[in-house]
Amino acid sequence: QVQLVESGGGLVQAGGSLRLSCAASGRTFSGYAMAWFRHAPGKEREFVAAKNWNGGTTYYTDSVKGRFTISRDDTRNTVYLQMNSLKPEDTAVYYCRARALVYSRNWYDYNYWGQGTQVTVSS
């Protein structure tokens, strides 16, 4: 069993930055692909970014490429999402999710998830 706890959300003006963290506990973290999804009111849940196990390849949805960076520190069992040049359309609840080895863009392919952290970008 893996427990995930997100933190770092908040209110920021457009153009600002936030760094989200997702701390994992319960099992060996390094064997899991880690992903961030987001869910805005009235919209579908959206894949944002992922990083495969063992520090592998990263993936991003097109709307955040060049602005967001996913990273992981397996020694701290933590995955991060650095968000720069934030836009109002980035406003959502951001969720961290984990699944074995390689990523998926499908929300339902993940076995473990956190409670989410709210990100609000004002214009």
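The values are calculated or read from the model by the stated rules, or taken from the named source; none is laboratory data. From a predicted model like this one, the values you see are computed outputs, not experimental measurements. Positions of Cβ are backbone-derived with ideal geometry, glycine not excepted, and every protein chain shown enters the neighbour counts. To get the accessible areas, we keep the full protein, side chains included, count just its heavy atoms, and leave off ligands, DNA and RNA. Shrake-Rupley method; radii C 1.70, N 1.55, O 1.52, S 1.80 Å.
In terms of the mean number of neighbouring beta-carbon atoms within 10 Å, the peptides 62-70, 79-87 order highest first as 79-87, 62-70. Element breakdown for the chain at a 1.4 angstrom probe: carbon and sulfur atoms account for 47% of the accessible area. For LYS51, the lysines whose Cα falls under 22 Å of its own Cα, not counting residues fewer than eight places away in the same chain, are LYS65. Distant-in-sequence amide contacts of GLY114, defined by a placed amide H-H separation under 5 Å and a gap of 5 or more residues or a different chain, comprise CYS96.
Might you tell me the accessible area per residue for region 7-123, computed with a 1.4 Å probe and given in Å²? Show your work: numbers first, answer last.
Numbers: 5840 Å² over 117 residues.
Here the per-residue accessible area is 50 Å².
Listed values for region 25-40 are Karplus-derived 3J(HN,Hα) couplings in whole Hz (6.51 cos²θ - 1.76 cosθ + 1.60, θ = phi - 60°), namely 8, x, 8, 4, 6, 5, x, 10, 7, 10, 9, 10, 10, 9, 9, 9, and x replaces Gly and Pro.
Considering only THR57, GLN118, GLY9, whose Cα is most displaced toward the positive end of the charge dipole of the chain, charges sitting on Cβ of Lys, Arg (+1) and Asp, Glu (-1)? The listed residue farthest towards the positive side: THR57.
Karplus-based coupling profile of region 62-74, in residue order and whole Hz: 4, 5, 10, 4, x, 10, 10, 9, 9, 8, 9, 10, 5, with θ = phi - 60° in 6.51 cos²θ - 1.76 cosθ + 1.60 and x standing for Gly or Pro. The charge dipole of the chain, taken about the Cα centre with unit charges on the Cβ atoms of Lys, Arg (+1) and Asp, Glu (-1), comes to about 120 debye, rounded to the nearest 20. Annotation: amide H-H contacts under 5 Å for TYR32 (H modelled 1.01 Å from N, sequence separation of 5 or more, or interchain): ASN54, LEU101.
Derived scalar couplings between HN and Hα for region 84-93 equal 10, 6, 5, 10, x, 6, 7, 4, 4, 8 Hz in order, rounded to whole Hz, by the Karplus curve 6.51 cos²θ - 1.76 cosθ + 1.60 (θ = phi - 60°), x for Gly and Pro.
Could you work out the percent of alpha carbon pairs in the chain separated by over 18 Å, rounded to a whole number?
Working: 3365 of 7503 pairs.
Value for the chain: 45 percent of Cα pairs lie more than 18 Å apart.
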